[in-house]
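S.K.: If you scroll down you'll find the structure; I have some questions about it.
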Amino acid sequence: MATRVAAWVAAALFFVVAAFQAALVFGAPWGEYTQGGGTSGALAASGRVLAAISCVLLIVMAGAILARAREGPLRRLPARVVTVLAWVAMVYAVVAVVLNIMTRSTAERALWAPVSIVLLLLVAIVMVTTRRTS
């Protein structure tokens, strides 16, 4: 039960971040909250492309974490594929914590460091509680 709850909450957080990235793609003036905070206002075209790629990856990672807990639309994928995608989500979560703590942007750090830490904890719970034993 705890694994399923952690997976669904993690997926919800992945979707929140994906929605933020989608808003950036469509011109939301939140540049100081992303990509190192070097942009005030809307992102330039290159930043929007990165945001679009991030959006897609975040949605896939949400599905992977749900599938790891045998939930969601990707649960019927082969176990090896789910495992690889879930580990990608785990690595992403670790990197997100590091980058969001290290960023020079105080606005980005204040917003995303806590979110990324919670996301890492939730993904770690799912990964540990669903590990396969031989």
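The values are calculated or read from the model by the stated rules, or taken from the named source; none is laboratory data. In this text the structure is predicted, and so the values were computed from the model without any measurement. Note that each Cβ is placed from the backbone with ideal geometry, even for glycine, and that neighbours are counted across all protein chains shown.
S.K.: Can you find a residue in the range 8-18 that is in a loop (DSSP other than H, G, I, E, B) and surrounded by 15 or more Cβ atoms within 10 Å (Cβ to Cβ)?
M.R.: So the first thing to find is which residues in the range 8-18 are in a loop (DSSP other than H, G, I, E, B), and the list is none.
No, the range 8-18 contains no residue that is in a loop (DSSP other than H, G, I, E, B) and surrounded by 15 or more Cβ atoms within 10 Å (Cβ to Cβ).
S.K.: Only one of Gly72, Gly63 is over 18 Å from Glu108 (Cα atoms), among the small types (Gly, Ala, Ser), touching a Phe, Trp or Tyr at 6+ places or on another chain (Cβ under 9 Å) and surrounded by fewer than 20 Cβ atoms within 10 Å (Cβ to Cβ). Can you tell me which?
M.R.: Gly72
S.K.: Under 6 Å by Cβ, and 6 or more places apart or on different chains, what pairs join a residue from the range 117-130 that is under 11 Å from Ala89 (Cα atoms) and of a type in the set (Ser, Thr, Tyr) with one that is at pLDDT below 95 and crowded, with 20+ Cβ neighbours inside 10 Å?
M.R.: Between residues of the range 117-130 that are under 11 Å from Ala89 (Cα atoms) and of a type in the set (Ser, Thr, Tyr) and residues that are at pLDDT below 95 and crowded, with 20+ Cβ neighbours inside 10 Å, there is no close pair.
S.K.: Exactly one of (1) within 30 Å of Thr129 (Cβ to Cβ); (2) of a type outside the set (D, E, K, R); (3) over 17 Å from the mean Cα position of the chain (by Cα) is unmet by Ile65. Its number?
M.R.: It is condition (3) that Ile65 fails.
S.K.: Checking the structure you have, find out if any residue of the range 112-120 is surrounded by 18 or more Cβ atoms within 10 Å (Cβ to Cβ) and of a type in the set (Ser, Thr, Tyr).
M.R.: Yes, that holds for at least one residue.
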